[in-house]
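Remarks on the structure that follows.
The values are calculated or read from the model by the stated rules, or taken from the named source; none is laboratory data. Remember, it's a predicted structure, so these values are computed and weren't measured experimentally. Neighbour counts are summed over all protein chains in view; Cβ atoms, including those assigned to glycine, are modelled from backbone coordinates with ideal geometry. SASA here: full protein model, heavy atoms, side chains in, ligands and nucleic acids out. Shrake-Rupley method; radii C 1.70, N 1.55, O 1.52, S 1.80 Å.
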Amino acid sequence: MLSGASWPIRPTDASLFRHSVPSWTIFCTLWAQFRPFSAKSATHAACKGERTRPEAAFPLAAAAIFGNLARVHAPATDDGLWMTLALAEARKGLGRCAPNPPVGAVLVKDGQLLASGWHRAAGLPHAECEALAAAASRHGAAALRGATAYITLEPCSTYGRTPPCTTALIAAGLARVVYACVDRNPQHAGRADAILHDAGIAVTAGVCADAAELLLRPFFKVRTTGLPWLIWKTAMSLDGRITRPPGEGQWLTGEAARADVQQLRATVDAILTSGETVRRDRPALTLRTPGLLEGRSQPWRVVVTDHPSTLPPDAPLFTDAWRERTLLRAGTDLTTMLRALASEQGVLSVLVEAGGRFSAALFEAGLVDEVVIYLAPLLCGGPVPALAAANLPASLQLADLSVTQLGADLRLRGVIVK
């Protein structure tokens, strides 16, 4: 397995091809034209959320990652191909636009890409409106008439911080709207179809719905339960320990795995830890990789403790430049605490970075949705397990498991079956 290889490809894996961006982009674009069956097959796998190898990667999404969007073109009827490009746009909004969902959009006419857009932050234009503005600026408003919009979520149809996107789509004179998922906001759910149909716009729903659902899981969970999507992250040795023997240093994993953690943090709205971890490790829990903070704030850093007076006042969480992004919360009722993060801070997704006992309490309460484990090729011994759970009612099974090699380490990622 190549170091850094992962099936499906994740944002960090783009570095594998970054040294040859022009040739890779041209290859993907040409593939979309001259290998339609191969492109469609790979796109079908992506839309179903299945794993794909780099040589079968969907070409439009790759072109979106590596640039040259204006050159992308494919048969106008290839809805799956164009929606993969919209999904690539949507991924740019992960960790940035809460409490709104990450949404991407592309505009296509006669098989040519006019423009693309993504939702950058709550209060800013939605993805389809950003794409409409970009297309009008680039080609003129008249070019939009008769075009098709591909959007990863049903267009909103009510006034909020911004006007309804259905109004903008109608005003632009589009001929067709294709979207992936129905919005679970009861104010919007299913309303866009009738509004657009009444305006003479054809509507197709459900294209790449499975892949879009993966991106929208946190938003949908908050909508249906009031609780954020909770990801448990840990690094451990092969014998399940989270610390090395005394005198060996603090890091279990190598640089590649630690860089991947930075990318993971960039996709969430909050990082959750315990008072014990703050006292023992004094973590910063920040985005430090250049570029990851561009256009966004640090994730909320939430310290759960029933004894705040025992926390070290000089810890980085309370003294660094982002100390206003640090919250203290009681741990007496973890469900209520998480529900408040969603309702008060607008949090959709939470990454847990804590020790075995606090992590176990979250698992025992049934609050964890996904796990990310960085496995180091070490045997460390010692008393500190990654998960010190004594009261799990049964073993937890993981689905949608992916395994990625990062240097000498492995990353395992999966969703807990509930």
Test: E213 is touching a residue at least 60 places away in the same chain (Cβ under 8 Å), open to solvent by 50 Å² or more (accessible area, probe 1.4 Å) and closer than 30 Å to D78 by Cβ: yes
Within the range 360-402, work out how many residues are free of Cβ contacts under 8 Å to residues at least 24 places away in the same chain, open to solvent by 70 Å² or more (accessible area, probe 1.4 Å) and within 21 Å of T253 (Cβ to Cβ). 1
From the list A86, A98, A105, pick out the single residue that is small (G, A, S) and open to solvent by 10 Å² or more (accessible area, probe 1.4 Å). A98
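Got a sec? Which of L153, L132 is modelled with pLDDT of 95 or more, surrounded by 14 or more Cβ atoms within 10 Å (Cβ to Cβ) and under 24 Å from D110 (Cβ atoms)? Break it down stepwise before answering.
Working: L153 fails: under 24 Å from D110 (Cβ atoms).
Testing whether each residue is modelled with pLDDT of 95 or more, surrounded by 14 or more Cβ atoms within 10 Å (Cβ to Cβ) and under 24 Å from D110 (Cβ atoms) leaves just L132.
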Condition check for V268: among the β-branched types (V, I, T), within 26 Å of the chain's Cα centre (by Cα) and assigned to a loop (DSSP other than H, G, I, E, B): yes
Could you tell me whether any residue of the range 291-313 is surrounded by 15 or more Cβ atoms within 10 Å (Cβ to Cβ) and either part of a helix (DSSP H, G or I) or of a type in the set (K, R) (or both)? yes
Based on what the data block shows, is R258 closer than 30 Å to Y159 by Cβ and crowded, with 17+ Cβ neighbours inside 10 Å? no
Does at least one position in the range 232-251 carry a residue that is part of a helix (DSSP H, G or I), within 30 Å of R288 (Cβ to Cβ), touching a residue at least 60 places away in the same chain (Cβ under 8 Å) and touching a Leu at 6+ places or on another chain (Cβ under 6 Å)? no
Residue tally, condition part of a helix (DSSP H, G or I), out of contact with any strand residue (DSSP E or B) (no Cβ under 8 Å at 6 or more places or on another chain) and within 23 Å of A284 (Cβ to Cβ), over the range 319-341: 3
Taking only the range 319-332 into account, find how many residues are under 19 Å from Q345 (Cα atoms) and either touching a helix residue (DSSP H, G or I) at 6+ places or on another chain (Cβ under 9 Å) or in contact (Cβ under 8 Å) with a residue 12 or more places away in the chain (or both). 9
Answer yes if at least one residue in the range 169-183 is over 30 Å from D369 (Cα atoms), surrounded by fewer than 20 Cβ atoms within 10 Å (Cβ to Cβ) and β-branched (V, I, T), and no otherwise. yes
Exactly one of V278, V222, V207 is in contact (Cβ under 8 Å) with a residue 24 or more places away in the chain and farther than 23 Å from A365 by Cβ, and that residue is V207
Considering the range 236-253 alone, what residues qualify as being open to solvent by 70 Å² or more (accessible area, probe 1.4 Å) and either within 17 Å of R413 (Cα to Cα) or of a type in the set (D, E) (or both)? L238, E248
Checking Q262 against (1) touching a strand residue (DSSP E or B) at 6+ places or on another chain (Cβ under 6 Å); (2) free of Cβ contacts under 8 Å to residues at least 60 places away in the same chain, which test does it fail? (1)
